[in-house]
Structures are given as C-alpha cells and as structure tokens.
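The values are calculated or read from the model by the stated rules, or taken from the named source; none is laboratory data. All values reported here derive from a predicted model rather than from experimental measurement. Reconstructed Cβ throughout: ideal geometry from the backbone, glycine too, with neighbour counts over all protein chains shown. With ligands, DNA and RNA removed, areas are computed over all heavy atoms of the protein, side chains included. Shrake-Rupley method; radii C 1.70, N 1.55, O 1.52, S 1.80 Å.
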Amino acid sequence: MLIKRADDLKPSEITPESLYYNRREWIRMASAALGGMAFGSLVWQDTISAPCQEYKPKAKGPYDTDEKLNSYKDITTYNNYYEFGTDKSDPAENSGPFKPKPWTVAVEGHVKKPATYNLEDLIKPFKLEDRIYRMRCVEAWSMVIPWLGFPLGDLIKRLEPTSKAKYVAFETVFRPEQMVGQRRPYLRWPYVEGLRMDEAMSPLTLMATGLYGKELPNQNGAPLRLVVPWKYGYKGIKSIVKIKFVDNEPPTTWNIAAPDEYGFYSNVNPEVDHPRWSQKTERRIGEFRKRPTLMFNGYAEHVAGMYAGMDMKKNY
Amino acid sequence: MTQTVFVRKILKPVVFLLCLLPISLLAYDFFTDNLSANPLDDITDTTGTWTLRFIVITLCVTPVRRLTKWAPAGKFRRLLGLYAFFYGSLHFMTYLYFDKFFEWEEILPDIPKRPFITVGFASLVLMIPLALTSTDRITKWMGGKKWNALHRLIYVTAIGGVIHYLWLVKADTSRPLTYGAIVAVLLGYRLWVYLAPKIASLRMKQKSVSPQTERGQLAP
Ligand code: HEM
C-alpha cells in the first residue's frame, strides 16, 4: 500500500487527548459565563467522552510546528473547496460521490518527458512524510494540520524540466457530474494555480496525499493536492490532474475572479490587507481570541530570501 | 372571542415567540457544539441573515394586508420591524466583540474603510430612529403622515442590507441577488401603488379633456 493508514499506527505512537485543540473548552467557559453552569458542564461531560483522533507523526522534522493540532473533525468539516459548494460545510457534505481512484496526472510543457502518469507511479519513488504546518486562510482564520506527503521539489527533479521552465502551473480535475459546485460558474473552472520555480522547489512546498496519517478525504483535495504553508490557503490547489512547466507567470483562478483582491504571489502578509478585511490578525480555529498574523505565516526564515528586493505591496 | 382579541391575546404572542426561534436554535447549537469549527463566524452570519430576513418579512406586511384585505396583518408590522432591529443589533455586537474585541482603535477606522461595513453600519443606524419612534405614544405625537415618511427609511435599510451582503461574498452572489430580487419586488409594489392612481387620473384627465376641447373647437 502506498499510503499509510491510521490503523498502521502502533499504540506507542498515540498522543494523549490533551494535546489537541478542544474548542469545547471555551464553549464551556462561555456557558459558565452566561450563568448556565449546570447546563454547560452537562454538555461538557457529554462531549469530552467523544473519541479524539489518535495520531502521532513519526519524527519531528525541521519545518514542523510545535503548536497544537486542530482536530481531524475540524480539518475535514470546515473547508473551502468551491468545486463542492461555497459553504464551509459543503465539501464534507457534497464530496461523497467524488471518485479519487483511479487517478492520472498529466505532466506537460517544458519538461524532458511529457507524459500522463498513474498517480501510483508518479508518487511511488517518494517516501511519504508527516508535515505539521500552519494553514492560513485568506478569510483570516487558520488551522494546524498534520499533512502526509512529499516535497514537490523532489518530484520536479525527477520530471526534469528544461531550462525554459520558469513557473509551474497546476490544474484541478473538471468533473461537474461529481462536483456540484462546478455546475455553476461563480469561478472559472477548472481551478488553476501556479508557483514560481524557486517557490515550487522550496523544501517546504509539499505534494500532499494524506493528513493525520490517512489518505486525503475528498473534501481536503483527494487524491493529490498542493500545500504551500507561507501562502494563503487558496494557493493549495486540490485534486490535481495537470502539472505544466511554463515560461511565463500562469493564470490563477482567484486572480482571474478578483485581480485587485488576490495576486499571483498571495504570500501571507499582515501588512497587506484584503480590501474587505484586515489581515493583521487571524482566528485559529478552536480559539476565541484572535492572534497576530505572522509574516509569511511564520515561515519567513525559510522563504523570505526568495522575495528579497520585491515590493510585497505591489506583488501581493 | 372577537378577532381583535384573538390577534392580540393569541396570535401576537405566538408570533413573538416564533421570532425568538432563530436565536434560540443558534444558542442551542452553540452550547451543544453543533455549529461549525468556527462557531463565532456562524453566529455573525446567522444573525446577519436573520436581520435581512426580518427586514424582508416586515416589508411583506403591507402588501399582504392589502392583497388579502385582512386588516389585522398590520398589527404585526411593529413587532417584526423591532425584531429586525434586534437581530441587527446582535449582529453588530458579534462584529464588535467576536471580530474586534471592542478595540475601538480598530473599529472606528474599519467602518469608513471597508465599503461592506460602511453600508451595513449605515443600514443599521437608519433603523435606530425607527425603533425609537415605534411606541404608540410617539406615533400619535408625530402624526401618521410624518411617521410614515420617517419609516420609509426601512426601504433604504433593505437596499443597504442587500448591498452589504453583495459586497461581502467572495464569489457566489446567488444568495444576495435572491434577496435583492425579493426586495425589488416589495419596493416595486410600493412604487406601483404610489404611481398607479396618478397614472390612472392622468389618463382620466386626458380622456375627459380631449373630447371637450374637440367639442369646444367644433362649437362655434
Ligand atoms: C441592516 C443591517 C445589516 C444587515 C441586513 C446585515 C446582513 C448581513 C448578512 C446577510 C450577512 C451574510 C451572512 C452570510 O454570509 O451567510 C452579513 C455578514 C456580515 N455582516 Fe452584516 N448586516 C447588517 C449590518 C452590519 C453591521 C452594522 C456590521 C458591522 C459594522 C456588519 C458586519 C458584518 C460582518 C463582519 C459579516 C461577516 C462577513 C464575512 O462573513 O466575511 N453587518 N451581514
């Protein structure tokens, strides 16, 4: 089996529940504050016994964050995946009929051997690793997610792009019969995204095939998605069917939809507001108070060098 | 039981309680952890949605009363309008607290800076004089004509609410546009009620004037 499964995990790898975010904690506090002490603690007793996701990454890597993980439930029920609808609950509710197997990925453009690969063949050479990353949505909320995947750079090296390749463009599958959101044109389908070559080669940039040690659920972009932790979440294109090496900056879906709101780079930057809301702070899912947003989502030491001398206000 | 007593003693309390259902369900879902992973945003969205819905429902009262010729319908207008204000105030409070933690140095620049907030804020502010002048005593003191004129501000609030919604969605405008269409019909109805008699009397005048002049010309 290519993809590790949760049931492969040994009991010794299991973390105590206390390490996970539990929003019930402040909900209980809120009930108490409202004078509903008895009611609140009743609810608390009821929910705390609910099973928690048990998971532990194999070993802590250099890019992993120490912060508390968001629960599997939060990560898989609160999603922006407009192909399945625009409400956060839609992807979990509507992605049932989606078939992530079998899956092929077309590799095109300035590359030695353009070809269409079976997903298994494409990822076989790589060892899947856990990566615990912050994920910052452009809507000013964030999560901590334990991804499973391999660096995009390793894949690119194997695919051998030519010297003409300056950018990598990605495309999501177009299957309106399985993806209800694609039946309506509120975005231009299929979804497209892109990275500059150095961004794509960054050791932080991940091709994810799973989370919490399991295969990606449909609502999180099964079977293959991009994770670029220092950029806003929408750069992390899901259900990828095409990787194309190009010489010019490729079009990106949200930039096409609203060019003054979403740029090509989309680096997390507390200094550059979205026109409709501030990016200075964010709500970590599970927390009540907002926290300050960090430059490059806290990954500046690894990625800031790529943008030296660039005006981030212009290249947002 | 006469109809008036039935409306006042039974129907009105029932409607009053029904209007508390959205906030009760929201509170229940909150305390039983049945909202999404981001419950505070859910509260903002739910109260905002119900503000707009109550504005729409309030705007339905007069057309329903006229079309059904059931006069007591008018008795629910104040109740429903005040609920719109109630949900609007809660909605505003969620913004002030959950979004901004009462940090005024953040809030005050935010209101003029972000068009969707500006419009939402203006819409809510315009409801304040309507809520303040909703008691029987003030209504009587103002007199029907002035009171009616003032309370037409709800038309502006309704349009503002739709624009607020339209400007805050990221890509899918179908919901705000649906509310926009409903508000357009409800305001269009008023325009029609206002214009129809004028047009009719204009036609009457034309009809009654022109034959006379013709006759007048022929007479001498
Ligand atoms: C009559 C007045 C208002 C109406 C009818 C109204 C209505 C709405 C509606 C329908 C929504 C969207 C709910 C959804 O996404 O499902 C919303 C969201 C929102 N409203 Fe209002 N609103 C009003 C006033 C205000 C005011 C005064 C403020 C703050 C100053 C405000 C701030 C917000 C915010 C922050 C959101 C959430 C935006 C987001 O999800 O990104 N609204 N409102």
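Residue by residue along B:166-176, Cβ atoms of other protein chains within 10 Å of the local Cβ number 4 on average. The smallest convex shape that holds all Cα atoms of chain B, its convex hull, gives 213 Å³ per residue.
If you put +1 on each Lys and Arg Cβ and -1 on each Asp and Glu Cβ, how big is the dipole of the range A:143-255 around its Cα centre, in Debye rounded to 20? Write out the running numbers ahead of the final one.
On the way: 16 positive and 10 negative charges, 52 e Å.
Using Cβ point charges on Lys, Arg, Asp and Glu, the range A:143-255 gives about 240 debye.
Label-to-label distance, A:Glu177 versus B:Lys205, with points set 7 angstrom from Cα along the beta-carbon direction: 6.5 nm.
On a 1.4 Å probe surface of the protein chains, which of A:Phe98, A:Phe174 comes out largest in accessible area, and what is the full order?
On the way: A:Phe98 5, A:Phe174 110 Å².
These residues rank, largest area first, as A:Phe174, A:Phe98.
Per-residue shielding of A:182-193, expressed as the average number of other chain Cβ atoms within 10 Å of the residue Cβ, stands at 1. Dipole of the protein assembly as shown computed with +1 at Lys/Arg Cβ and -1 at Asp/Glu Cβ about the Cα centre; of B:Val15, B:Leu168, A:Tyr55, farthest Cα towards the positive end is B:Val15. Under the combined filter of DSSP loop state and at most 15 neighbouring Cβ atoms within 10 Å, the range B:133-208 retains none of its chymotrypsin sites (Phe, Trp or Tyr not before Pro). Taking GluC sites (Glu not before Pro) across the range A:158-236, the ones in a DSSP loop with at most 13 further Cβ atoms lying within 10 angstrom of their Cβ are A:Glu177.
What do you get for Rg/Rh of the range A:127-230 when both radii come from the Cα atoms and Rh is the Kirkwood radius? If you can, show how the numbers build up before the last one.
Numbers: Rg = 14.8 Å, Rh = 15.1 Å.
My calculation puts Rg/Rh at 0.98.
Sum up the charges of everything whose Cβ sits under 15 Å from the Cβ of B:Ser174, counting Lys and Arg as +1 and Asp and Glu as -1, but leave B:Ser174 out. That works out to +1.
Charged side chains reduced to their Cβ positions (Lys and Arg at +1, Asp and Glu at -1) give the range B:1-100 a dipole of some 1100 debye around its Cα centre.
Please compute, for peptide A:268-278, the average count of beta-carbon atoms on other protein chains lying within 10 Å of each residue's beta-carbon.
Taking the mean over all residues of the peptide, I get 3.
Look at the dipole of the range B:3-218 built from charges on Cβ: of B:Gln206, B:Phe6, B:Phe121, the Cα furthest out on the positive end belongs to B:Gln206.
If the chain between A:Ala257 and A:Asp121 were fully stretched, how many nm would it gain, using 0.36 nm times the residue separation less the Cα-Cα distance? Don't jump to the answer; show the numbers that get you there.
Values: separation 136, 0.36 × 136 = 48.96 nm, distance 3.45 nm.
Between A:Ala257 and A:Asp121, full extension yields an extra 45.5 nm.
Annotation: A:Met312 carries an accessible surface of approximately 30 Å², with a 1.4 Å probe and no ligand, DNA or RNA atoms counted. Chains A and B together bury roughly 2800 Å² of accessible area, counting both sides, with a 1.4 Å probe on protein heavy atoms only.
Between A:Thr104 and B:Thr49, the distance separating the two model label sites (each 7 Å from Cα on the Cα→Cβ line) works out to 4.2 nm.
Give the lysines whose C-alpha is closer than 24 Å to that of A:Lys88, dropping any in the same chain fewer than 8 places away, or say none. Hits, sequence-local ones excluded: A:Lys68, A:Lys73, A:Lys99, A:Lys214, A:Lys231, A:Lys235, A:Lys238, A:Lys280, A:Lys290, B:Lys100, B:Lys170.
Inter-label distance, B:Leu150 to A:Met312: 5.2 nm, where each label sits 7 Å from its Cα along the C-beta direction.
A Förster radius of 30 Å, combined with the Cβ-Cβ distance separating B:Trp192 from B:Asp136, puts the computed FRET efficiency at roughly 0.50. Toward the positive end of the charge dipole of the range B:3-218, with +1 on the Cβ of Lys and Arg and -1 on the Cβ of Asp and Glu, the farthest Cα among B:Thr32, B:Ile159, B:Leu191 is that of B:Leu191.
Overall size of the protein assembly as shown from C-alpha positions, given as principal axis extents largest first: 103, 73, 45 Å. For the range B:1-66, the C-alpha radius of gyration sits at 1.47 times the compact-globule guess of 2.2 N^0.38 Å, with N the residue count. In units of the rule-of-thumb radius 2.2 N^0.38 Å, the range A:184-316 shows an alpha carbon radius of gyration of 1.08. For chymotrypsin sites (Phe, Trp or Tyr not before Pro), the sites in the range B:52-126 that DSSP calls loop and that have at most 10 other Cβ atoms within 10 Å are B:Phe102. If only the Cβ of Lys and Arg carry +1 and only the Cβ of Asp and Glu carry -1, the dipole of the protein assembly as shown around its Cα centre is close to 2840 debye.
Leaving ligands and nucleic acids out of the surface, order A:Asp260, B:Asp33 by accessible area at 1.4 Å, largest first. Intermediate values should be presented prior to the final figure.
Values: A:Asp260 105, B:Asp33 15 Å².
From most accessible down to least: A:Asp260, B:Asp33.
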